[in-house]
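Have a look at the structure below before the remarks.
The values are calculated or read from the model by the stated rules, or taken from the named source; none is laboratory data. Computed from a predicted structure; not experimentally measured. Virtual Cβ from ideal backbone geometry, glycine too; neighbours counted across all protein chains shown. Accessible surface is based on the protein model in full, side chains and every heavy atom, while ligands, DNA and RNA are left aside. Shrake-Rupley method; radii C 1.70, N 1.55, O 1.52, S 1.80 Å.
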Amino acid sequence: MRGLGRPRGPEFRTLPLDARQEPAVPLTVPHTVPNVPKAQKAPTAPPKGRLLVTAALVAALTGAAAGVAGARLYEGSEPAPAAALPRVAAAPSAGLSGLSATAARVLPSVVSVEAGRGGGSGFVVDERGHILTNAHVVSGEVQVTVVLNDGRRLTAQVIGEDDGEDLAVLEVDFPGDLTPATLGRSSDLSVGDQVLAIGSPLGLSGTVTAGIVSALDREVRLGGARRTAVQTDASINPGNSGGPLVNARGEVVGVNTAIAASRGGGNIGIGFAIPIDRAAPIAERIIRN
């Protein structure tokens with residue numbers, strides 16, 4: 001590969017030693033000036049060397065005096081505060097709006113699921129303590145731990161699974177004041193609609209990511225078979241599985257299930273969710289049985 005040459009810059013020139021020395025002030029021999037009346041005495045300029053010495057002495061004395069005065073001023077007063085950078089005036093307090101309001105509405109319904117060495121996400125679907133998640137999140141487990149948005153930890157039973165659709169339903173022993181999510185209609189979605197994915201990617205509970213609906217009825221392999229799914233570019237990573245995909249109104253329109261990943265395994269902007277129109281009837285059937 002050809003280079004761009006050696007870097008060059010301005011060259012420094014070194015002056016000869018004798019050229020950098022100040023010219024020596026010639027020594028003068030004092031001589032006697034004849035007596036002349038004061039009115040007729042010619043003004044004489046002080047020798048140049050004496051003028052330089054006097055000026056340096058005055059500057060030194062002035063600097064010392066200023067230093068002493070500054071020290072006394074510093075000792076007797078507080079240091080001046082640093083100049084404040086301009087800030088935007090505080091906005092009047094108001095209710096959340098837009099995606100902030102959507103996230104705040106849905107987060108209380110979303111849980112983290114701890115199952116053996118793995119885990120994922122889920123969301124509450126009714127007031128009886130039922131939670132919908134992915135079957136692969138709780139595979140082989142009969143009892144798991146769910147962590148609510150407020151940090152409470154509850155034990156939940158795996159009451160049923162549909163491996164073909166990769167869905168499972170959990171039931172907590174003491175539902176208390178669980179907040180059910182509002183289910184929407186995935187059939188109402190359009191490409192370009194704004195959506196949020198909420199869950200616990202990489203164990204980071206309560207994570208909210210935003211995107212759009214990238215495609216509808218995208219055929220992908222789910223649960224060992226080819227199924228249609230909602231495609232989104234909202235960031236979905238391991239741990240998001242089983243969490244809700246919600247529209248701008250905060251209605252669940254899908255169950256986040258899979259991603260297309262690079263060799264590194266990270267999100268590349270292609271995620272898939274089981275449409276809620278297909279997931280809800282399966283959850284209802286599991287709960288009834």
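Put a dot 7 Å past each Cα toward the Cβ at ASP162 and THR179; how far apart are the dots in nm?
Going by the 7 Å Cα→Cβ label model, 2.7 nm.
Work out how much length ALA101 to ILE212 would gain on full extension: take 0.36 nm times their residue separation and subtract the Cα-Cα distance, in nm to one decimal.
38.2 nm
Determine the per residue accessible area of the range 206-260 with all protein chains present and a 1.4 angstrom probe, expressed in square angstrom.
In whole numbers, the range 206-260 has 36 Å² accessible per residue.
Using a 1.4 angstrom probe, figure out how much accessible area the range 132-194 has per residue, in square angstrom, rounded to the nearest whole.
51
For ASN289 and ARG152, what is the calculated FRET efficiency with R₀ set at 30 Å and r taken between the beta-carbons, to the nearest 0.05?
Plugging the Cβ-Cβ distance into 1/(1 + (r/R0)^6) gives 0.60.
Among 200-212, 236-248, what's the highest-first ranking by average C-beta atoms within 10 angstrom per residue?
Listed from highest to lowest mean packing, they are 236-248, 200-212.
Could you work out the relative contact order of the range 224-288? I mean the mean sequence separation of Cα pairs under 8 Å and 6+ apart, divided by the number of residues, in percent.
Over the range 224-288, the number comes to 35 percent.
If I take every Cα pair under 8 Å that is 6 or more residues apart in the range 133-289, average their sequence separation and divide by the length, what percent do I get for the relative contact order?
21
Given a 1.4 angstrom probe, I'd like the percentage of the accessible area of the range 179-289 that is carbon and sulfur, rounded to a whole number.
That fraction is 47 percent.
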